[in-house]
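J.: Please find one structure pasted underneath; my questions will follow.
The values are calculated or read from the model by the stated rules, or taken from the named source; none is laboratory data. On a predicted model such as this, the values are computed, not experimentally measured, just so you know. All Cβ positions, glycine included, derive from the backbone under ideal geometry; neighbour counts span all protein chains shown. Accessible surface is based on the protein model in full, side chains and every heavy atom, while ligands, DNA and RNA are left aside. Shrake-Rupley method; radii C 1.70, N 1.55, O 1.52, S 1.80 Å.
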Amino acid sequence: MTLFQDLQFAIRTLRKNPGFTLAAVLALGLGVGANSAMFSVIDGVLLRPLPFPRPEQVVNIWETNLKRNLPKMSVAPGNYYDWRAQNHVLADLGAYQQSTFNLASNENEPERYIGAVCDRGFFAALDISPALGRVFTDDEDQPGRDSVVVLGNGIWKQRFGADQKIIGQKLILDGRPRTVIGVMPEGFQYPPQATMWAPFALDNPNKVRRDFHRFRVIGRLKSGVTLEQGRAEFETIGASLARQYPEMNQGESIALISMLEDTVGQLRPTLLILLGAVAFVLLIACANVANLLLAKAAGRQREIAIRNSLGAGRARILRQMLTESLLLSITGGLVGLLLAYSAFHGLLSLAPANLPRLNQVALDWRAVGFTLIVSVVTGIVFGFAPAWHASRTDLNSLLKEGSRGGTSRSGLRNALVVAQVSAALILLLGAGLLMRSFYEIAHVDAGFNPEHVMTMRLNPAPIKYKDHPELRVQLADGVLRNVAALPGMKSVAISTDVPLLGNPIFIMRFEGRPPVTVSQAPVANYFSVTPAFFETMGIRLTQGRFFNTRDVQESPLVGIVNQTLVDRYFPGENPIGKRLEIGFAVPPRWREIVGVVADVKVSGLDQNTPVQVYTPFTQPGFVGAFLPAITVLARTAQDPATIGSAMKSAILNVDRSQPIYAVQPMTDIVSQSIAQRRFSLVLLGFFAGAALFLAAVGLYGVMSYVVTQRTAEIGIRMALGARPGQVLLLVQRQGMVLVLIGLAIGLVGGLLLTSLMSSLLFHVAPRDPFTLAAGAATLVVVSLLACYLPARRAARVDPLIALRYE
């Protein structure tokens, strides 16, 4: 018989058993589909190379200061230009800074685009050439000569209709004309979401600054140079600069990191744990199918024994059984692909928008190939044992055992059930730990009240507001006045930043303390705010006073600090009246501490609270010369989402040249800050639920088969006086013994594997006893139900019918 005939026979066999076929295909489809969808995410985020030529040579370069707990800092211009001159391991070195561009349009409101300011080395390090035109030269990266811009392919097509004559056209960006000199190739979008690039154009005094860290630096290793060699040279350069400029660079070093690893390294543990979870789901699904195949093979013992006696060898029978198993697994794989395709879009909708490389995730030929390989391997591996047992059947042993068949295969079936229970418990424990951890994070005291607060940002145009602090104050006053006049407003404020969206860090020093250099100075998160900021955000005052309308440019400089600053630098002292300075000025511009507020979570709900300093928006600040974006916050008596449009119109009525963006309630910002944890929890919870369901189905199937095999025995017991309750207990006890063995193995495995989740947990120990007990109890309850149904059927056996059947 040929392989084609084996395939035909397998199709006929499976068609004659639709219930068995459907159960096996759906179980495999669920396991394979979950693996395919998860593989697509891992492939897009972790495995695909970066979209640059020879991406393994591209590195990110950071300054570090471990004494200040700053493992990655943006780079100071003076250090960057020294790196360019002193290194011998990089073929190219470039710098950039994310920025926004306001494009003047025919409408009243300008269009805002995300982009970057950079130098020529940025494009050289990425080895990217424009599709049209050119990138800017070193000569154009000079003040007064920088009126050029390079466009991204997407904006060129969508905004300018892919106009081939775009080169040489002038655009009004941030109130100044820039000439388009190039268009980048399709797909190039670095930094993420960037649509245009313009020169840095730093003047000479700023090029040598080492006190203001603003550059993101990328490089390309020379051919033949390893990452370790690059790190060694940059460590030497860092140590040399620390000796040469101790006031600015003492205690600092340089970190050279592969760009891919730097981008997705923090996600790797989470994604690998999720991959392990779906592998467990597939294992349980395959164990289910293997049990079904064993049960089916037991029902075909007489057929196989007769075929054996007629001359069919063991290899021949083994091939036929494996053909059926492979057909099942490939069909399950096709169903899995359909399930994966259906689940894929749901998976992407659940994924947080800030998940790195999310745009690279796709259910493409790589996922199809992965699914095919998984299907074939599972068909062979988990179909081999049932096929091997079936091929060993012979007529003599079958006749000796009688028409009910033997029970030699029950040990393997029981082992498969134990494995299913163990794997399901491990997943339940992992999901339970993440659930406990997420609960702890969601109930952290953030230090502010996000309910009923709407936020939106705007970038004051440098050409109008830079070096004109009085105009910035007028802009803020007009915005506050217009927004406060809207119905339902309780309070309105302006801040340079808001918690959980990334806050800048600046150096500071205290009056009366021993002198410190810039490199030794402590650091703080810095906010410039209007007086109603604390009321609007719901931040509690613990000492002193809030800002008021008397804290203006002409009045003495004041500041408010958080409790962490007090505990760290004024333990046991009254901080009110003490003076500090943000940044180093000559002579110092001391600020009097007039208030202390509660700690606010600014980097994440699961992160430690850093030192925080607040200054009045109306007073000169350290960041005044750099013209930061500002955030408008409004606390309302209604749903904040309903007043977004009105707020936006009120702000535009003050100055229509300032585009408004990032319009979102504060509750959304909080939600986004824990979105990656929520994503992990939902996925692992789904996989644990699927595992629990499959394990219960597997246990039910085995116990149903046991009841069928022992029908005659049960009939005899009942004929001899056994009560239904005793029979019920007998069958349930047999099933629960398997469950308890699986629980014991699963607990040991869970304790070992959940320790790998430590980095994902918050205020929960990997061996949390409550989670262990809850996971085991859940599995016991579900297993009792799975065993009860076959046991109830056994308890209802009519002894006469059972004995007549025998």
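J.: Give the calculated FRET efficiency between residue 169 and residue 592 to the nearest 0.05, with a Förster radius of 51 Å applied to their Cβ-Cβ distance.
T.: 0.45
J.: Accessible area per residue for the chain in Å², computed with a 1.4 Å probe and the full protein assembly in place, what is it?
T.: 44 Å²
J.: Say a paramagnetic label sat at a point 7 Å from the Cα of residue 203, along Cα to Cβ; which residues of the stretch 628-642 have their backbone N under 20 Å from it?
T.: 628
J.: Follow-up. How far is helix 675-709 tilted off the main Cα axis of the chain, in degrees rounded to 10, range 0 to 90?
T.: 0 degrees
J.: Using a 7 Å offset from the Cα along the Cα-to-Cβ direction at both residue 784 and residue 86, what is the distance between the two label points in nm, to one decimal?
T.: The modelled label-to-label distance comes out at 7.0 nm.
J.: Consider a paramagnetic label point 7 Å from the Cα of residue 759 along Cα→Cβ; state which residues of the stretch 423-440 have an amide N under 19 Å from it.
T.: What the label zone holds, given the 19 Å backbone N cut-off, is 430-431, 433-435, 437-438.
J.: Scan the stretch 565-624 for GluC sites (Glu not before Pro) in coil per DSSP, keeping those whose Cβ has at most 11 other Cβ atoms within 10 Å, and list them by number.
T.: For GluC sites (Glu not before Pro) across the stretch 565-624 that sit outside H, G, I, E and B with at most 11 neighbouring Cβ atoms in 10 Å, the list reads 573.
J.: Could you state the angle between the C-alpha long axis of helix 18-42 and the longest principal axis of the C-alpha atoms of the chain, as a value from 0 to 90 degrees rounded to the nearest 10?
T.: Computed tilt is about 20 degrees.
J.: So if I take the centroid of the Cα atoms in the stretch 76-92 and the same for the stretch 421-451, what is the distance between those two points in Å?
T.: 45 Å
J.: Taking Cα centroids, how far is the stretch 553-626 from the stretch 760-788 in Å?
T.: 47 Å
J.: P(r) for the stretch 725-795: what percent of alpha-carbon pairs falls in each 10 Å bin, starting at zero?
T.: The percentages, shortest bin first, are 19, 39, 24, 14, 5.
J.: With Cβ to Cβ distances under 14 Å as the rule, what net charge do the other residues near residue 592 carry (K, R +1; D, E -1)?
T.: +3
J.: Quick one: plug the Kirkwood hydrodynamic radius of the stretch 196-258 (C-alpha pairs) into Stokes-Einstein at 20 °C, 1.002 mPa s, and report D in µm²/s.
T.: 154 µm²/s
J.: Tell me the net charge near residue 249. Cut-off is 11 Å between Cβ atoms, residue 249 excluded, with +1 for each Lys or Arg and -1 for each Asp or Glu.
T.: Here the count lands on -3.
J.: About the Cα centre, and with charges only on the beta carbon of Lys, Arg (+1) and Asp, Glu (-1), how big is the dipole of the stretch 58-203? Nearest 20 debye, please.
T.: Charge dipole of the stretch 58-203: 200 debye, to the nearest 20.
J.: If you don't mind, there's one more thing I want to ask. What nm distance separates the two modelled labels at residue 229 and residue 540, each placed 7 Å from Cα along Cα→Cβ?
T.: Inter-label distance under the simple model: 5.9 nm.
J.: Moving on. Reported to two decimal places, what Rg/Rh ratio describes the chain when computed on Cα atoms with Rh from the Kirkwood expression?
T.: Rg/Rh for the chain comes to 1.09.
J.: While we're looking at this one, here's another question. So which of 72/601; 578/648; 72/466 end up more than 31 Å apart by C-alpha?
T.: The pairs that break the limit, which is 31 Å between Cα atoms, are 578/648.
J.: Reachable lysines from residue 157, Cα under 28 Å, same-chain residues fewer than 8 places away excluded?
T.: 165, 170
J.: Taking the convex hull of the alpha carbon atoms in the stretch 41-183, what volume per residue do you get, in Å³?
T.: 186 Å³
J.: Here is a follow-up. Label-point separation (nm) for residue 752 and residue 11, each offset 7 Å from Cα along Cα-to-Cβ?
T.: Result: 4.5 nm between the two label points.
J.: If r is the Cβ-Cβ distance from residue 439 to residue 767 and R0 is 22 Å, what FRET efficiency results, to the nearest 0.05?
T.: 0.80
J.: FRET efficiency for residue 145 and residue 247, Cβ-Cβ distance as r, R0 = 41 Å, nearest 0.05?
T.: 0.80
J.: Within 12 Å, Cβ to Cβ, of residue 152, how many net charges do the neighbouring residues add up to if Lys/Arg are +1 and Asp/Glu are -1?
T.: Result for the neighbourhood of residue 152: +1.
J.: Tell me the angle of helix 3-16 to the major Cα principal axis of the chain, expressed in degrees between 0 and 90 and rounded to the nearest ten.
T.: Approximately 80 degrees, to the nearest 10.
J.: While we're looking at this one, here's another question. Largest first and to the nearest Å, give the Cα extent of the stretch 652-729 along each principal axis.
T.: Principal extents (largest minus smallest coordinate, Cα): 95, 19, 17 Å.
J.: Take the Cα pairs of the stretch 583-700, get the Kirkwood Rh, then feed it into Stokes-Einstein at 37 °C and 0.692 mPa s and tell me D in µm²/s.
T.: My calculation gives 167 µm²/s for D.
J.: Here's something else I'd like to know. Relative to the present Cα-Cα distance, how much length would full extension add between residue 513 and residue 553 at 0.36 nm per residue of separation?
T.: Contour length minus Cα-Cα distance gives 11.8 nm.
J.: Rounded to the nearest 5, what % of DSSP beta bridges with both residues in the chain are antiparallel?
T.: Antiparallel bridges: around 80 percent, rounded to the nearest 5.
J.: Then there is this: If the cut-off is 19 Å between C-alpha atoms, which aspartates and glutamates fall inside it for residue 16, apart from same-chain ones fewer than 8 positions away?
T.: 6, 303, 324
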